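Shown next, in structure tokens, is the structure this report addresses.
The values are calculated or read from the model by the stated rules, or taken from the named source; none is laboratory data. These numbers come from a predicted model, not from an experiment. We place every Cβ from the backbone using ideal geometry, glycine too, and count neighbours over all the protein chains shown. Keep in mind that these areas ignore ligands, DNA and RNA; they rest on the heavy atoms of the full protein, side chains included. Shrake-Rupley method; radii C 1.70, N 1.55, O 1.52, S 1.80 Å.
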Amino acid sequence: MDFDLYSSDNDEESSEMSLGVCGSSGSSDDDDSTSLFGIGTSHSESNKESHRSEGDVHGKVPVLLTAEDFLHTVFTSEEEAYNAYKEFAWTRGFGVCKGDVGRVDGVLVRRDIFCHRQGTRSDKHYDRPERVREERLESRTDCKAKLKIYYDVHDNVWRVRKIIDEHNHDMAPAEFCNLLPSHRKMSDGDKAQVNSMKQFGIPTSKIMAYMAGQSGGYSMLRFTKRDLYNYVHSQRRARILDGDAAATISYLEGKANADLMSVARYTTTVDNRLGSLFWVDGIMKSDYELFGDVLAFDATYRGNKYKKPLVVFSGTNHHRQTCIFGFALLQDEEVRTYKWVLLNLLDVMGQRRPNLVPKPTRFSVVVRMCC
């Protein structure tokens, strides 16, 4: 069905519409209709408004049962309208996504909310001979169902301009609605429970199984296993975001206080970030003093998440076992950076130079110059 507040058949409103037009009244305040918030109950407009206000106070979303209900409902914010349409979509078996917007002087005055199957996949994705993986199944069917809302500046509320409730695809069964992207969300209570269980070292897979059993089955959860893993990963990254370099330096400083022979040196970039890092502990210095005649080192090709070359200085002891002389995490692979590392290695090792550096590389000139 296609419900429109206006008699005009024009479906596309321009984003440059004046605020005065947006404020025009589009619904009758005296119209008594069937229940907007309950089943089989008649409400006057005043009762509807008081019920909606009560729902706002308690942070609840109005439950709208039919598409017509949206035409007679006002919302205090654009987000409240989106949440109401999302709950309506949940009961019907489809998902929603935010779409086109209209702004006046940078202020949001119009928003379109579409069915999650609106639009079609771009043609360029169907003509890719270099594709290795099999294409994903097409999920969009160019569905025209949508909700169009606008901001009424006279009453400081959001009103519904038009709602289209005709879909060209099958609706999802009730037991699978929680898998639709717009309905998959971890509540604050779920997140708090996950955080508490992770603090005690419980594996993420066990947390998922426990929460599913607590809710009465996996179908009762409003998030998937992938959502849970993504949340745990985001929390782990948040704990070290912009603090991992400081935490590493703090750890090395603490280790130097416990081991007086430990040394850590680093550089910073122009934007005050960690550049190159070099560290050696007491055991490494002792091994170099005994077995440092032959020094071997190589750099991994940025195989870590920081995309920085990791240099490992190593040698062989009298049992033909590999011993480590030091580590360095480099800013780049420039000659000046390797020169800085080698000069620091010599300084920390008391200017003792190795007799042999096997397998010369493109940095052999730097090695001969420094060692």
Phi-derived 3J(HN,Hα) across the stretch 152-157 with the Karplus relation (6.51, -1.76, 1.60, θ = phi - 60°), rounded Hz, x for Gly and Pro, is 8, 6, 6, 9, 6, 9
Residues with beta-carbon under 12 Å from that of ASP127, excluding ASP127: net charge, scoring Lys, Arg +1 and Asp, Glu -1?
+1
Candidate residues ARG222, ARG161, ARG352, ARG136: accessible-area rank, largest first, probe 1.4 Å:
ARG136, ARG222, ARG352, ARG161
Within the accessible area of the stretch 184-275, what % is carbon and sulfur when the probe is 1.4 Å and the other protein chains stay in place?
53
The stretch 180-329: spread of alpha-carbon positions along the three principal axes, whole Å, largest first, is 66, 42, 32
Virtual spin-label span in nm between SER122 and GLU289, 7 Å along Cα→Cβ
6.4
Mind ranking LYS162, LYS185 by accessible surface for me, highest first, 1.4 Å probe?
LYS185, LYS162
Computed about the Cα centre, the charge dipole of the stretch 308-361 from +1 Lys/Arg and -1 Asp/Glu charges at the Cβ has a magnitude in debye, to the nearest 20, of 220
Could you state the accessible area per residue of the stretch 230-350 in Å², with a 1.4 Å probe and every protein chain left in place?
60
SER205 accessible area, nearest 10 Å², 1.4 Å probe?
50
With all protein chains in place and a 1.4 Å probe, ILE324 shows an accessible area in Å² (nearest 10) of 50
Sorted largest first, the C-alpha extents of the stretch 156-256 along its principal axes in whole angstrom are 69, 41, 27
Under a Cβ-only charge scheme (Lys and Arg +1, Asp and Glu -1), can you give me the dipole magnitude of the stretch 169-257 about the Cα centre, in debye to the nearest 20?
180
I'd like the chymotrypsin sites (Phe, Trp or Tyr not before Pro) in the stretch 119-178 restricted to DSSP loop residues with at most 16 other Cβ atoms within 10 Å, sorted by number.
TYR126
